[in-house]
Amino acid sequence: MRQKKTDRANLENGKGLYFLMGLVVALAAVFVAFEWGNSDVLVAEDDRNIVIEEVEDIQITPQEEEPLPPEPEVETPVVVENLQIVEDDVKVADVTIASVDDAANKLQQTFTPPAPTQRAREEVAEDHIFEYLEEMPEFPGGQAAMMKWLS
């Protein structure tokens with residue numbers, strides 16, 4: 001079958017060129033977008049025709065220090081204790097101090113764990129690989145119970 005169009009009208013001939021031109025245009029648009037800005041750069045020309053850019057120094061703003069609030073005054077009660085100094089030679093009677101928890105302590109029982117039983121360890125060769133089990137696992141109650149449970 002003959003072509004009805006001429007080779008000049010065929011758009012497939014320049015397909016690669018059009019694609020590359022589109023990439024160049026897109027890349028240029030991205031480059032312009034990154035470079036776009038409102039930065040004011042002061043340019044001054046010197047007597048020697050050298051372009052000098054002045055960089056503006058940004059001063060660091062100090063933070064205002066707020067004074068700490070005064071600490072509240074806490075009144076401490078004055079406790080006067082009467083201490084009796086006892087010589088080392090004098091014998092002092094033993095004083096038992098009753099506590100509220102004494103009744104609860106008497107009711108507590110201490111748990112003593114049973115002594116561990118010594119079991120004989122079986123020595124198993126670690127390089128041996130088991131290929132089968134001695135006792136195969138099965139459903140509790142056997143195959144009939146498993147079929148009943150599944151149904």
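The values are calculated or read from the model by the stated rules, or taken from the named source; none is laboratory data. Values in this document were obtained by computation on a predicted structure and should not be read as measured data. We place every Cβ from the backbone using ideal geometry, glycine too, and count neighbours over all the protein chains shown.
Only one of (1) of a type outside the set (S, T, N, Q); (2) at pLDDT 75 or above; (3) surrounded by 10 or more Cβ atoms within 10 Å (Cβ to Cβ) is not met by ASP102, so which one is it?
Unmet condition: (2).
At pLDDT 70 or above, of a type in the set (D, E, K, R) and exposed (fewer than 10 other Cβ atoms within 10 Å of the Cβ): does that describe GLU135?
Values: at pLDDT 70 or above: yes; of a type in the set (D, E, K, R): yes; exposed (fewer than 10 other Cβ atoms within 10 Å of the Cβ): yes.
Yes; evaluated as a whole, the condition is true for this residue.
Across the stretch 1-54, what is the total count of residues that are in a loop (DSSP other than H, G, I, E, B), at pLDDT 70 or above and not charged (D, E, K, R)?
Counting residues in the stretch 1-54 that are in a loop (DSSP other than H, G, I, E, B), at pLDDT 70 or above and not charged (D, E, K, R) gives 4.
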